[in-house]
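Enquirer: I have a structure I would like to understand better, so I am pasting it below and will then ask my questions one at a time.
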Amino acid sequence: MELARATNRSVRLRNRSALLTKLFLDAPLTRQDLVRSTGLSQPAVSNVVADLIDEGIVVEAGAAESDGGRPSMLLRVAARYAFVIGVDVGETRVRVELFDFAMTLLASVEYPLDPARTEPDVVAGHVLTGIEVVTGRAGVATADVLGVGIGVSGVVQQGDEAVVHAQALGWDRVPLERLIGAGTDLPLHIDNGAKTLGQAEMWFGAGRGARHAVFALVGSGVGAAVVTNGATYRGASSSAGEWGHTTLVYGGRACRCGARGCLEAYVGAEAIIDRYREARRGHAVPGEDEESQLAALVAAADTSPTARRVLDDTAGYLGAGVANLINLFNPERVVLGGWAAMALGDLLPAVREAAGRQALRQPYEQASIELCRLGVDAVALGAATLPIARFLTTGGVPRA
């Protein structure tokens, strides 16, 4: 008897998870749409949907167009059921954003960081202050926040508490979850920023519909998320995707990680600006920070052969790096994201051409190379989906 009850409970939770996930990603949908797309029976869909409506998780959103007969009601998740916070811990700033359950941005705030002095305590303080600021601006009680997702540079070692290893930042075994958790009772979900960008693009952007894709984040540093059969590949200790620290030139330029010739030493924003400075015979690049300096380089390329050459070389290096991804993982899509990739968006045709010269012909012809669709907010948006992903996986267990 107990086994039968446990089995029925497990099946019901699985059905709730399947229906909630479909509604979250593809709504508005009718009950008939859910039957067709999930393979569940009409009674099972009706029963679960009734429960989700009673719990306030799902609402009816008007009638669908009908060719005759009784119209079907459209369903969607209730936007005000809960709220989530997404945090992008980059190398130049911490961005904190608050979303409702329909992933509408309600409030955001950002705090600049000194790239030469990115202390974990400072980052944790910015995250905690940002949580207070965005909830205050939107008038949202912390009790209504489902959780906080945080995307961060470096390797995130999952366990009882997430620990961050980021050599470029000088972070070694930083207990970031413990540092932030000391100041809030909200559930925390921490992952690598490239992986949160990849999840956002898979759910809402350039990755939708793909089963095999690679999402490359190009900012101050460089990383990637590899998705295979719809799931992010993590490796033995969650360090898979450190694309920026694959070797592009043996014995080449020094990388911040301590090795030489890494891809990041050629196409990360810091490296691009440094190569431009060297090409200018040591003259400073105009701008107060990396973003303004990279923008100055892009603007100068219209009139400066030196700037044009640096950008052409960057496209070649980035294309070679993309070719490596294509040869290794045979993706349907390679999506370039991150603030630096967006700033260099005009290089995309040259990147595609360079990748075509370096990649094997057959996998290259099967892959598309494109820019991310969610812009510079993709990391924070993807981080905000982490608590929602947990909620969907557990079938949306009602809050107390």
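The values are calculated or read from the model by the stated rules, or taken from the named source; none is laboratory data. Small disclaimer: the values here were computed from a predicted structure and weren't measured. Don't worry about glycine lacking a Cβ; one is built from the backbone with ideal geometry, like all the others, and counts go over all protein chains shown. Side chains included, ligands, DNA and RNA excluded: accessible areas come from the protein's heavy atoms. Shrake-Rupley method; radii C 1.70, N 1.55, O 1.52, S 1.80 Å.
Enquirer: Quick check on the range 197-208. Is at least one of its residues open to solvent by less than 10 Å² (accessible area, probe 1.4 Å), in contact with a Lys or Arg (Cβ under 9 Å, 6 or more places away or on another chain) and farther than 25 Å from LEU20 by Cβ?
Expert: Within the range 197-208, none of the residues are open to solvent by less than 10 Å² (accessible area, probe 1.4 Å), in contact with a Lys or Arg (Cβ under 9 Å, 6 or more places away or on another chain) and farther than 25 Å from LEU20 by Cβ.
Enquirer: Only one of (1) touching an Asp or Glu at 6+ places or on another chain (Cβ under 9 Å); (2) open to solvent by 40 Å² or more (accessible area, probe 1.4 Å); (3) within 23 Å of HIS212 (Cβ to Cβ) fails for LEU336. Which number is that?
Expert: (2)
Enquirer: Let me ask another. Which pairs turn up if I take residues in the range 266-294 that are at positive phi and look for partners that are assigned to a helix (DSSP H, G or I) with beta carbon separation below 8 Å, at least 6 apart in sequence or on another chain?
Expert: Pairs that qualify, where the first residue is at positive phi and the partner is assigned to a helix (DSSP H, G or I), are GLY287/GLN293; GLY287/LEU294; GLY287/ALA295; GLY287/ALA296.
Enquirer: List every residue pair whose Cβ atoms lie under 9 Å apart, where the two residues are 6 or more positions apart in sequence or sit on different chains, the first residue falls within the range 32-61 and is more than 25 Å from ASP100 (Cβ to Cβ) and in contact (Cβ under 8 Å) with a residue 24 or more places away in the chain, and the second residue, located anywhere, is open to solvent by less than 70 Å² (accessible area, probe 1.4 Å) and aromatic (Phe, Trp, Tyr).
Expert: none
Enquirer: Can you find a residue that is open to solvent by 60 Å² or more (accessible area, probe 1.4 Å), touching a helix residue (DSSP H, G or I) at 6+ places or on another chain (Cβ under 6 Å) and either closer than 23 Å to ALA210 by Cα or among the polar types (S, T, N, Q) (or both) anywhere in the range 298-308?
Expert: No, every residue in the range 298-308 fails to be open to solvent by 60 Å² or more (accessible area, probe 1.4 Å), touching a helix residue (DSSP H, G or I) at 6+ places or on another chain (Cβ under 6 Å) and either closer than 23 Å to ALA210 by Cα or among the polar types (S, T, N, Q) (or both).
Enquirer: Tell me, yes or no, whether the range 117-134 has at least one residue that is assigned to a strand (DSSP E or B) and more than 15 Å from LEU176 (Cβ to Cβ).
Expert: no
Enquirer: Going through THR129, THR135, THR118 one at a time, which residue ends up being among the hydroxyl-bearing types (Ser, Thr, Tyr) and open to solvent by 20 Å² or more (accessible area, probe 1.4 Å)?
Expert: Just one listed residue meets the conditions, THR129.
Enquirer: Among the residues of the range 370-399 satisfying the criterion of being surrounded by fewer than 16 Cβ atoms within 10 Å (Cβ to Cβ) and modelled with pLDDT under 90, which is farthest from ARG16 (Cα to Cα)?
Expert: ARG399
Enquirer: Please give the strands (runs of 3 or more DSSP E) falling wholly within the range 186-263 in which 2 or more residues are of a type in the set (Gly, Ala, Ser), in contact with a strand residue (DSSP E or B) (Cβ under 7 Å, 6 or more places away or on another chain) and touching a residue at least 40 places away in the same chain (Cβ under 8 Å).
Expert: Ranges flagged: 213-218, 222-228.
Enquirer: Looking only at the range 255-270, count every residue that is touching a Gly at 6+ places or on another chain (Cβ under 9 Å) and either more than 17 Å from HIS165 (Cβ to Cβ) or surrounded by fewer than 16 Cβ atoms within 10 Å (Cβ to Cβ) (or both) and tell me the total.
Expert: 9
Enquirer: Can you tell me which of (1) buried (at least 18 other Cβ atoms within 10 Å of the Cβ); (2) within 24 Å of ASN192 (Cβ to Cβ) is the one ARG93 doesn't meet?
Expert: All conditions are met except number (1).
Enquirer: Scan the range 138-165 for residues that are at pLDDT 95 or above, surrounded by fewer than 16 Cβ atoms within 10 Å (Cβ to Cβ) and not in a helix (DSSP H, G or I) and jot them down.
Expert: Listed by number, the residues that qualify are GLY139, ALA141.
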